[in-house]
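For reference, the structure I am asking about is given below.
The values are calculated or read from the model by the stated rules, or taken from the named source; none is laboratory data. These numbers were taken from a predicted model, which means no experiment stands behind them. A quick note on method: Cβ atoms are made from the backbone with ideal geometry, for glycine too, and the neighbour counts reach across all protein chains shown. For accessibility, only protein heavy atoms count, side chains too; no ligands or nucleic acids. Shrake-Rupley method; radii C 1.70, N 1.55, O 1.52, S 1.80 Å.
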Amino acid sequence: MIPSFDKIHNKFKLNGEHYYQSTLKEVACDFIKEGLPYQKVIGDFLLDWLNDKDAISVTTSGSTGSPKLLALKKQSMVHSALATGDYFGLAPGNTALHCLPTGFIAGKMMLVRALILGLELDIVEPNSQPLLFVDMPYDFCAMVPLQLQNSINQLRDIKTLIVGGVAVSNKLQNKIQETNCNIYATYGMTETITHIAVKKLNNFSSLRGSKAKQPDDETFEILPNISISKDDRECLVINAPQLTDVPVVTNDIIELCSKNSFKLLGRIDNVINSGGIKLFPEQIEEKLAQVIEASFFIASKKDDSLGECLILVVEGSCYVEHIAEIIKKLPNLDVYEIPKQIFCIPQFARTNSGKLQRKQTLELLQ
């Protein structure tokens with residue numbers, strides 16, 4: 001069945017050239033036959049997008065379990081692109097930079113947004129320094145935090161930037177406050193066809209009204225045509241009929257701030273009950289990130305007295321005594337948030353997209 005949408009906007013450009021459906025297929029074939037590895041993946045996706053099927057197969061990241069194969073409706077991907085375009089005011093002829101791997105949903109959606117919204121899209125190889133050889137301004141771009149970290153000095157050429165994949169640390173957020181680029185963290189997953197909510201990370205003075213955000217505000221605002229609620233576990237439930245046929249029930253514990261905003265507290269599968277006190281590793285990790293340079297995470301192990309005791313797992317070689325001392329000096333760390341033990345692991349388990357796999361990493365301690 002042929003989808004009920006125009007597959008290519010008449011203003012769409014790729015690397016400075018306008019393409020119709022037939023000529024874009026030729027470009028896709030050239031990418032597959034002669035392109036670099038990242039271009040071959042783009043070519044495969046373009047051919048999938050331009051065929052007569054109404055869905056595209058994608059694989060979840062596998063950060064919280066085994067990767068799953070999903071069939072996403074192309075019409076739903078269009079709705080996702082339109083929602084992003086509406087929220088950020090993207091218009092035909094706006095310029096965009098694509099620097100994410102197209103093998104994952106975020107990279108696929110950068111292409112779909114350009115195709116549907118009529119953006120002029122330039123593609124660079126997805127690496128840790130995507131703006132290194134870029135010398136022109138763009139209206140829109142998407143990155144992961146590592147790319148943002150390595151691009152701070154070039155952000156003046158980007159009008160709006162969305163960041164996803166993993167959380168942006170407080171340390172990185174502090175570094176981006178001086179740039180005029182408007183930067184937003186995103187919340188979403190493959191099942192919701194990338195992000196369904198965003199939160200501002202900088203330029204807070206540009207927000208009007210008495211409820212303008214502050215730098216420490218952790219409130220996500222949902223995109224158009226989406227509603228949210230909580231289940232009996234206090235976890236987020238996403239109702240997005242234009243994106244998914246059924247509500248998406250997450251494992252993310254939230255605080256509902258309004259009918260269209262929420263605060264993310266942590267994942268229910270990560271929550272630690274230590275002596276009757278519920279601890280959210282993600283919140284503790286934000287505090288520890290102020291003094292720990294290496295990759296790390298908070299977890300727990302069984303304890304006869306507390307039920308579960310808090311532990312800190314650090315990647316690479318580390319001086320346990322030194323880390324323990326600097327942690328105790330953190331002024332905003334409560335007593336029960338101080339890890340009882342510290343472990344060092346040479347290398348963490350991660351997904352192909354670089355996301356930490358906590359469970360698999362903890363198994364390395366056994």
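Do we find a residue being open to solvent by 50 Å² or more (accessible area, probe 1.4 Å), in contact with a helix residue (DSSP H, G or I) (Cβ under 6 Å, 6 or more places away or on another chain) and β-branched (Val, Ile, Thr) anywhere in region 327-350?
Within region 327-350, not a single residue is open to solvent by 50 Å² or more (accessible area, probe 1.4 Å), in contact with a helix residue (DSSP H, G or I) (Cβ under 6 Å, 6 or more places away or on another chain) and β-branched (Val, Ile, Thr).
Applying the selection to region 5-35, what residues are open to solvent by 80 Å² or more (accessible area, probe 1.4 Å), of a type in the set (D, E, K, R) and under 14 Å from Leu117 (Cβ atoms)?
Asp6, Lys11
Follow-up. If the requirement is being under 18 Å from Ile196 (Cβ atoms) and either open to solvent by 40 Å² or more (accessible area, probe 1.4 Å) or free of Cβ contacts under 8 Å to residues at least 40 places away in the same chain (or both), which of these qualifies: Lys73, Lys68? So that I can check it myself, show each step before the final result.
Values: Lys68 fails: under 18 Å from Ile196 (Cβ atoms).
Residue meeting the stated conditions: Lys73.
Exactly one condition in (1) under 21 Å from the mean Cα position of the chain (by Cα); (2) under 27 Å from Gln347 (Cβ atoms); (3) open to solvent by less than 50 Å² (accessible area, probe 1.4 Å) is false for Asp269; which is it?
Asp269 satisfies all of (1) under 21 Å from the mean Cα position of the chain (by Cα); (2) under 27 Å from Gln347 (Cβ atoms); (3) open to solvent by less than 50 Å² (accessible area, probe 1.4 Å) except (3).
Determine the pairs where a residue that is free of Cβ contacts under 8 Å to residues at least 40 places away in the same chain and of a type in the set (Ser, Thr, Tyr), located within region 268-280, has a partner that is surrounded by fewer than 19 Cβ atoms within 10 Å (Cβ to Cβ) and in a loop (DSSP other than H, G, I, E, B) with Cβ atoms under 9 Å apart, the partner being 6 or more residues away or on another chain.
none
Report whether or not Asn273 is farther than 24 Å from Gln366 by Cα and not acidic (Asp, Glu).
Working: farther than 24 Å from Gln366 by Cα: no; not acidic (Asp, Glu): yes.
No.
Kindly indicate whether any position in region 156-169 is among the polar types (S, T, N, Q) and under 13 Å from the mean Cα position of the chain (by Cα).
Checked region 156-169: at least one residue is among the polar types (S, T, N, Q) and under 13 Å from the mean Cα position of the chain (by Cα).
So, in region 19-41, how many residues would count as being under 22 Å from Asp6 (Cα atoms) and in contact (Cβ under 8 Å) with a residue 24 or more places away in the chain?
If we filter region 19-41 for residues that are under 22 Å from Asp6 (Cα atoms), which is where we start, we get 19-29.
If we keep only those that are in contact (Cβ under 8 Å) with a residue 24 or more places away in the chain too, we end up with 21, 24-25.
So the answer is 3.
Being out of contact with any His (no Cβ under 6 Å at 6 or more places or on another chain), open to solvent by 40 Å² or more (accessible area, probe 1.4 Å) and of a type outside the set (A, V, I, L, M, F, W, C) is the requirement here; does Asp86 meet it?
yes
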